[in-house]
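Worksheet: the structure to be examined is printed underneath.
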Amino acid sequence: MTHATIVSRSRDVSHQIHRSHRLIRQTCRLLAQMGELADEMQVAVADSRRLRHRSRCLAPHPISGGADDSVLVMEVLAEGTAVCADCLAKKTGIPRVEIPSVIARIGKTIRVQTPDVACVICLTIRTVYRVG
Ligand SMILES: [Zn+2]
C-alpha cells in the first residue's frame with residue numbers, strides 16, 4: 001500500500017466518522033422534536049375532547065327528540081344499567097318531560113324494563129329504566 005493510498009483511505013474514514021456524528025446529532029434533534037410534538041398532540045387531543053364535551057352541553061336539543069336522544073339514553077342504559085328518569089335527564093341533557101317518550105321510542109325496538117329498584121346513579125329506590 002502506497003503512502004498516497006493510506007492518506008486517501010484515512011480521509012475517507014475520517015469523512016465517514018464526521019458524517020456519522022452529524023447523523024447522530026440530527027437523530028437526537030429529531031427525537032427531541034418528536035417528543036415535543038407528542039406532548040403538543042396530547043394537549044390538542046385533550047382540548048378537542050373538552051371542546052366536544054362543551055359543545056354537546058351547549059348545543060340545543062332537537063325540539064321533539066330524535067334518533068340522537070335515543071342514542072344518548074342507550075349510552076347511559078348500556079349493559080343493563082338501571083337509571084331513573086331524573087338521572088337520565090341529567091346525564092343526557094334531554095328535558096325530564098321528554099324521557100318517557102324517548103324510552104317509548106327505544107321500547108319499539110328493544111325491551112325496556114321498569115322495575116322499582118335503586119337507580120345506579122342517585123341510589124334512590126324508584127321506578128328505573130333498564131334494557132334487556
Ligand atoms: Zn337516579
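In region 80-132, the qualifying residues are those that are touching a residue at least 12 places away in the same chain (Cβ under 8 Å), in a loop (DSSP other than H, G, I, E, B) and among the hydroxyl-bearing types (Ser, Thr, Tyr), and the one that is surrounded by the fewest Cβ atoms within 10 Å (Cβ to Cβ) is THR124. Residues in region 67-95 that are more than 9 Å from ARG130 (Cα to Cα), among the aliphatic types (A, V, I, L, M) and away from the ligand (no atom under 12 Å from the Cβ): ALA67, VAL71, LEU72, VAL73, MET74, ILE94. What about SER64, is it part of a loop (DSSP other than H, G, I, E, B), modelled with pLDDT under 95 and either more than 25 Å from the chain's Cα centre (by Cα) or not aliphatic (A, V, I, L, M) (or both)? Here the answer is yes, as SER64 does meet what is asked. If the condition is being among the polar types (S, T, N, Q) and not in a helix (DSSP H, G or I), then region 1-28 contributes only THR2.
The values are calculated or read from the model by the stated rules, or taken from the named source; none is laboratory data. Predicted model, so just to flag it, every value in this text is computed and none were measured. In this analysis, Cβ positions are derived from the backbone assuming ideal geometry, glycine residues included, and neighbour counts consider all displayed protein chains.
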